[in-house]
Amino acid sequence: MRLKIKRQKITRKPETGLALRAGFTMIEVLVASVIMVIVIVGALTLYSKSNQISVDQQQYAELQHDVRSAMYLMSRDLRMAGAGLPPEFGMFAMMGFNNEDQGSEVRPDRLIVLGNMDEPLNLRIQQYQGSSVVVSVYDGSFETFPYPPEFYTSKIVLILPNPQSPCRQGEIRQLTHITWSTGGTNEKFNMSPGLAKGINPPGGLTATSNCDPNDFDDGLIMFVNVKEFWLDTTGNYGSTIFHGLTPGQNGYVGEPGILYCTNNGIHLPLAQNIENLQFEYNGDFNDDGLLDGFQPWNNGWSFDEISRIRQIRVILVGRTPNRFVSVSGKVPASIHNYRRPSVSDSQGSNIDDYHRRFVLETTVNVRNLSLNLYNQGQR
């Protein structure tokens, strides 16, 4: 008996003539997997690096914005130092503190400026008996300014003696209300007893014990701003000026690296992540007709020398809150972006901490010590 063997035909693709095969070999799968892993790891590495750079640049951009904004606000106010003051009282336009010790490695400067900066008001006094609660001004004085009576409530005012008198002191007080009769007669400022609390004007201004009450006849009363620029390096500020501050009260934040403007006793945060604040002053200190160059505040300056200051240089150093994660390895010795720089007479650091710095400097002309804001003649 014969066995018949049926041969199976192999089907070929008509266009290629190749035999059809199902699936991949193990080697092909492994090679493809390795290639896929390499591509994924490369993409993730690129994304991670790009994200690190993006995060770093974002916080650096925010730092630049903070520093620039703070510098703009400070420069605007410093230009107004001495606004409304007669030249005889120019020595009270500012008072500086050099390298204040807050118990931290960085010792920032502090500066107090005084002037009629916000709402213009400068009236001639008819009668004021020193330390009294009433200042009489000439009839029709209030009509020269467009303020309603309620506008004067709680305002801070500066009372100065007649510039022609020998008295060179004054008082800063707080108004309760004004007396304003129909027809502009019997016009008076009414004040709270005593000096305005919590306001620290440039030194020597508010002691009137050596002045005769008659010295205030034809003196001046004006709205005033006492603005103090200072940097809290510890978050626990306790200078002799403010006698310690409580976080959350009166505008004080209680965190390190906050730059403040204290306006008439109210603490206003201007910027965060500030590492250093320095001021330098330029004036004709020796009265030879030439500016003598910028220098830090000198506690030995006389009132006459202080009144000759015409320019203030401001230097702000900002520091990113976090380390730059996109920086790896050792920073070259010639690059100082990642260490605290030396500015003015403030010492820098020789150690890289990988926090990026942004330094901004500007010079402000204290124009109001020589220009007249109230059109009362050339000063």
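Please treat every number below as a calculation from the coordinates, not as lab data. Keep in mind the model is a prediction, meaning the values are calculated, not measured. In this analysis, Cβ positions are derived from the backbone assuming ideal geometry, glycine residues included, and neighbour counts consider all displayed protein chains.
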The stretch 119-223, dipole about Cα centre (Lys/Arg Cβ +1, Asp/Glu Cβ -1), debye to the nearest 20: 320
Dipole magnitude of the stretch 176-233, debye to nearest 20 (Cβ charges: Lys/Arg +1, Asp/Glu -1, about Cα centre): 240
Fewest-first sequence of PHE189, PHE142 by Cβ atoms within 10 Å of each Cβ: PHE142, PHE189
